[in-house]
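Working notes, beginning with the structure itself.
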Amino acid sequence: MLSAKARIDMTVRTTRRPLFAAGQFDRGAIMSAAAKAARAHQERFGGTWAEAMSVCLTAAWRAAKLARHMAAH
């Protein structure tokens, strides 16, 4: 999970496409970051695409919710 979170954070920084902006989640950015991280996760750890996407989507949504929390405070 930590590897996926780090990849999500790196993708957000390099693409400059925030997961939460203008008061709402950017689902396209979340999916894009998760897919990119899932490819790397699958290469590193093996497993199926579904497993990799599950881990990375969870990490992406956690990052988006953290961004929403940080924007509110």
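The values are calculated or read from the model by the stated rules, or taken from the named source; none is laboratory data. Treat the numbers as computed from the prediction; the structure is a model and nothing was measured. Neighbour counts run over all protein chains shown; Cβ positions are idealised from the backbone, glycine included.
Quick notes on this one:
- Residue match in the range 28-38 (condition: over 12 Å from the mean Cα position of the chain (by Cα) and farther than 21 Å from A72 by Cβ): no
- In the range 16-31, the condition of being part of a helix (DSSP H, G or I), touching a Gly at 6+ places or on another chain (Cβ under 9 Å) and of a type outside the set (S, T, N, Q) is met by no residue.
- Residues of the range 1-27 that turn out to be loosely packed, with under 12 Cβ neighbours inside 10 Å and either in contact with a His (Cβ under 7 Å, 6 or more places away or on another chain) or more than 21 Å from A72 (Cα to Cα) (or both), as a count: 3
- Every residue from the range 18-73 that is over 15 Å from M1 (Cα atoms), in contact (Cβ under 8 Å) with a residue 12 or more places away in the chain and of a type in the set (S, T, Y): S32
- From the list A40, A50, the lone residue that is surrounded by 15 or more Cβ atoms within 10 Å (Cβ to Cβ), part of a helix (DSSP H, G or I) and either hydrophobic (A, V, I, L, M, F, W, C) or modelled with pLDDT of 95 or more (or both) is A40.
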